[in-house]
Amino acid sequence: VAKRVIELLDQDHYGASGRIARLSGRFAANLEKMAKNSCKGLISEWRAIGGMIAVQPLGGTLEDVKAVLMRLFDLGVVAFYCGHGPILIRMLPPLGAMSEAHVDEVCALIERAILDVAEAKTKKARA
């Protein structure tokens, strides 16, 4: 195992400009873009520290977050929730095995899940 870690260090995975930092930054940039555009008012907060990614959708209530998590699961993304209020969606994606395209795909699915749940909430409120 230690030998493989050394090999990964030599392959530019770690450090401030390593692969994991770059992909984490891409997650953060995609989430920020969503928060300012298509999900404006639907994403209050996002965090990306190394491989830990978190986002607060909608009101950050347990009900809202669980609805988004279920939609994400339907779309093929496994995530969990964390926090005590507001509650966030938490992911620990395998950045060492992912590409930029994978990050973009997951972010597009997060966007879709948030928008779908927001639309369903709006329809329910109107009924």
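Listed values, structure above:
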{"item": "Positive-end residue, the range 28-70 charge dipole about Cα centroid, Cβ charges, pick of GLY41, VAL55, ASN30", "result": "ASN30"}
{"item": "Cβ-placed point charges (K, R +1; D, E -1), dipole of the chain about Cα centre in debye, nearest 20", "result": "320 debye"}
{"item": "For the chain, alpha-carbon Rg and Dmax in angstrom", "result": "15.9, 61"}
{"item": "Relative contact order of the chain, defined on C-alpha pairs under 8 angstrom at six or more residues apart (%)", "result": "24 percent"}
{"item": "Reach of LYS36 by Cα under 27 Å, taken over lysines that are not fewer than 8 positions away in the same chain", "result": "LYS66, LYS121, LYS123, LYS124"}
{"item": "Accessible area of the chain belonging to carbon and sulfur atoms, whole % at 1.4 Å probe", "result": "58 percent"}
{"item": "Protection proxy ranking, peptides 56-69, 114-127, average beta carbon neighbours within 10 Å, highest first", "result": "56-69, 114-127"}
{"item": "Debye, to nearest 20: dipole size of the range 59-127, +1 on Lys, Arg Cβ, -1 on Asp, Glu Cβ", "result": "400 debye"}
{"item": "Burial order of peptide ranges 104-111, 83-90 (average beta-carbon count within 10 Å, highest first)", "result": "104-111, 83-90"}
{"item": "Solvent exposure of the chain as accessible area per residue, Å², 1.4 Å probe", "result": "60 Å²"}
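The values are calculated or read from the model by the stated rules, or taken from the named source; none is laboratory data. Fair warning: this is a prediction, and the values are worked out from it, not measured in the lab. All Cβ positions, glycine included, derive from the backbone under ideal geometry; neighbour counts span all protein chains shown. All accessible areas refer to the heavy atoms of the entire protein, side chains included, with ligands and DNA or RNA removed. Shrake-Rupley method; radii C 1.70, N 1.55, O 1.52, S 1.80 Å.
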